[in-house]
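The values are calculated or read from the model by the stated rules, or taken from the named source; none is laboratory data. It should be emphasised that the depicted structure is a prediction, and the values quoted were computed from it without experimental measurement. Here Cβ is always computed from backbone atoms with ideal geometry, including for glycine, and neighbour counts include all displayed protein chains. Note: areas computed on protein heavy atoms with side chains; ligands, DNA, RNA excluded. Shrake-Rupley method; radii C 1.70, N 1.55, O 1.52, S 1.80 Å.
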Amino acid sequence: MLKGQRGGVLRSYALIAPLFLFLLATFLLPVGMILWRSVSDPELRAALPATAAELSSWNGQGLPPAAAYAALATDLKAVDGASLASLSRRLSYENPGFRALLQSTKRKLEAAPAGAAPDLVALDPQWGANKTWQAMKRAAGPVGIYHILSALDLKRDYETGIGPARPGQALYRSIILRTFMIASTTAIIALALAFPLCAFLARQSDRVRNLLLLMVLLPFWTSILVRTTAWLALLQDRGVINTLLMDMGVIDQPMKLLYNRIGVIIALVHVMLPFMIFPLLASMRSIDPRLFRAALSLGATPFYAFRRVYLPQVMPGVMAGTLMVFVVTLGFYVTPMLVGGPGDQMISYYIALYTTGTLNWGLASSLGLILLVVTLSLYAVQNALLRRSGVGVR
Amino acid sequence: MRQTPASRLGHFGLGLTAALVLAFLMAPLIVIVLFSFKDSGDFTFPITGWSLKWYRDFFTSPTWMAALQNSLILAVSTTLLATPLGTMAALGLAAPQLPGRRLISAFLLIPMIAPVVIVGVGMYFVFSMTGLTATFPGLILGHTSLAVPFVVVTVSAVLTGLDRRLLWAAASMGAPPLLTFRKVTLPVILPGIASGALFSFATSLDEVVVTMFLAGPGQRTLPREMFTIARDTLTPTIAAAATVLIAASIVLLIASSVLGRSNR
């Protein structure tokens, strides 16, 4: 028997192995690449190897030792155009002036007579400033937290510690905050719409409920792009909703419903509503309606019975649905891109933009890492809640 | 139970709200279908004349037809790859005492919940190093890893309903494992496999984000074509394309509910 059991375990592992290996290559490796790119900082080490070594042993305060200046002069004379270009791009995240500084210093070094030790500060006074060298040290790699700090609008200063990257400006934190705002608004509105619908569906006969549920399932099965396109047609200035309201005399100017926050929320609520309806309906169907009636017959007001008897019983479904909608909405990309304006783009848009547009892979990966960590932690929270309440996925 | 006027009013209000929410869910689909048949080609009511010309446009346009063909190639290939991979894994995971079972199944299901942009960017990084970007195999691999968790879920769901005593009975009467699988397990889990296949097909047909990162000019799909047009200005042909996709979802929905019924 024991031998048979061991054979069963092996057979199970053998059945799982193909998919496991498949997802290792097509999913885990790509996600691992994002983790790696968020901490990898290879450009300076590739272009200026001796300088990178000197910078690693310097503490970042005041000016680096003379050896670092000598290493930089040697490295700059030796570096090829391609490496210098990618280093310039990396250092321009710190300060766009670096490109000109590196190129002019290299030119002047090549023009200087051989033999005499070059004086970099004389070639350009920026080499006599601590902030120039700090920027170089932050990029010295091969790994560092520069990109992750950037994605949180932070910067490490070797003299004063970690502080804001651009005082008074919090670009990425405001994008993260906006993403959270859009996701929570969507979740709350979806809950407000799904609750009465599910309460209604829960008290219908199986036949009627299944028939009405087709009206939830059909949008659910329809491509998100089809639904978003339909909203574009509905929400235009001369679209269905505006014409209807103007014909009815409710408004005399078309309302702006597209390329702003209103349009994004409408379209997102529409896409996410089924994700709220399914868990909520499941939890409402599992409760015993006699409890509510018992509360009423014992003299509770309908509102009191609703709050103290009905609501606690559907709470697991409410929590599961709301958290689900919130988490999935956090990662939305296509819908806000099509129906939103520049001020309504969510974190995914910037991840895509920095990946294929501006090619700032370190920043794209760091923003991706933040999104991934938030999503997976909330998912873990949801799973724990579900397991405690015993509702939902079996 | 006796109904007071107030509770009758409450029921009426609840029914009205439910009707409005259902209308909100269905309205965009109905409107886009109506516009696809409107002959003047704008997106306003009232509709005075009907026409099939936008469908003629759609079915005679080389761009749209290439996109439709690419979408179908991808969806079929994804289904053919994801279904056996997911079914085998679900069969393996069905062993209740398997060491590390919870951890493995969590890993196999992560692609379902990971933000799709992250999957797209990661695949773009890795696939561009291996020359898989702008190729059909690359896209098929990408779509499969998004689709395969659905197969694992649907097949696992029917496997929990499988009476293990049937398997013991077959084994105790001397049936070899493969015969037991073919004669006992497979007929029971077949509806689950089929719904998993449907989900894979629908996932691939709907996928646009990973496609945008991985596809080259040779792999324009239906959703990607729609995305390009929707970013610019809506043409009436996009309404016809949308209606074709809605018809496809109706077919998939009917198939999946038939399977769901035969499953019970």
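Brief remarks on what is shown
- Any hit, region A:317-325, residues being of a type in the set (S, T, N, Q), touching a residue at least 40 places away in the same chain (Cβ under 8 Å) and within 21 Å of A:Ile189 (Cβ to Cβ): yes
- When region A:68-107 is limited to residues that are of a type in the set (A, V, I, L, M) and open to solvent by 30 Å² or more (accessible area, probe 1.4 Å), the one that is nearest to A:Trp58 (Cα to Cα) turns out to be A:Ala70.
- Qualifying position, being farther than 28 Å from A:Asp247 by Cβ, in a helix (DSSP H, G or I) and open to solvent by less than 60 Å² (accessible area, probe 1.4 Å), among B:Thr63, B:Thr78: B:Thr78
- Condition check for B:Ser145: in a helix (DSSP H, G or I), within 11 Å of another protein chain (Cβ to nearest Cβ) and open to solvent by 20 Å² or more (accessible area, probe 1.4 Å): no
- Of the residues examined, B:Thr237 is one that is part of a helix (DSSP H, G or I), touching an Asp or Glu at 6+ places or on another chain (Cβ under 7 Å) and either crowded, with 22+ Cβ neighbours inside 10 Å or more than 9 Å from chain A (Cβ to nearest Cβ) (or both).
- Scanning region A:349-370 for residues that are more than 16 Å from A:Leu171 (Cβ to Cβ) and facing chain B (nearest Cβ under 10 Å) yields A:Ala352, A:Thr355, A:Thr356, A:Trp361, A:Ser365, A:Gly368, A:Leu369.
- For region A:37-55, the count of residues that are free of Cβ contacts under 8 Å to residues at least 24 places away in the same chain and farther than 30 Å from B:Met88 by Cα is nonzero.
- Criterion applied to A:Gln313, A:Gln382 was being surrounded by fewer than 22 Cβ atoms within 10 Å (Cβ to Cβ) and under 23 Å from the mean Cα position of the chain (by Cα), and the one residue passing it is A:Gln382.
- For region B:116-140, a residue qualifies if it is open to solvent by 10 Å² or more (accessible area, probe 1.4 Å) and closer than 30 Å to A:Phe326 by Cβ, and the qualifying residues are B:Val116, B:Tyr124, B:Val126.
- Candidates B:Thr243, B:Thr203, filtered to the one that is in a helix (DSSP H, G or I), among the hydroxyl-bearing types (Ser, Thr, Tyr) and under 16 Å from the mean Cα position of the chain (by Cα): B:Thr203
- Where helices (runs of 4 or more DSSP H) fall entirely within region A:227-302, those with at least 3 residues that are touching a Gly at 6+ places or on another chain (Cβ under 9 Å) and more than 9 Å from chain B (Cβ to nearest Cβ) are at A:261-285.
- For region A:278-286, the count of residues that are open to solvent by 60 Å² or more (accessible area, probe 1.4 Å) and of a type in the set (Gly, Ala, Ser) is at least one.
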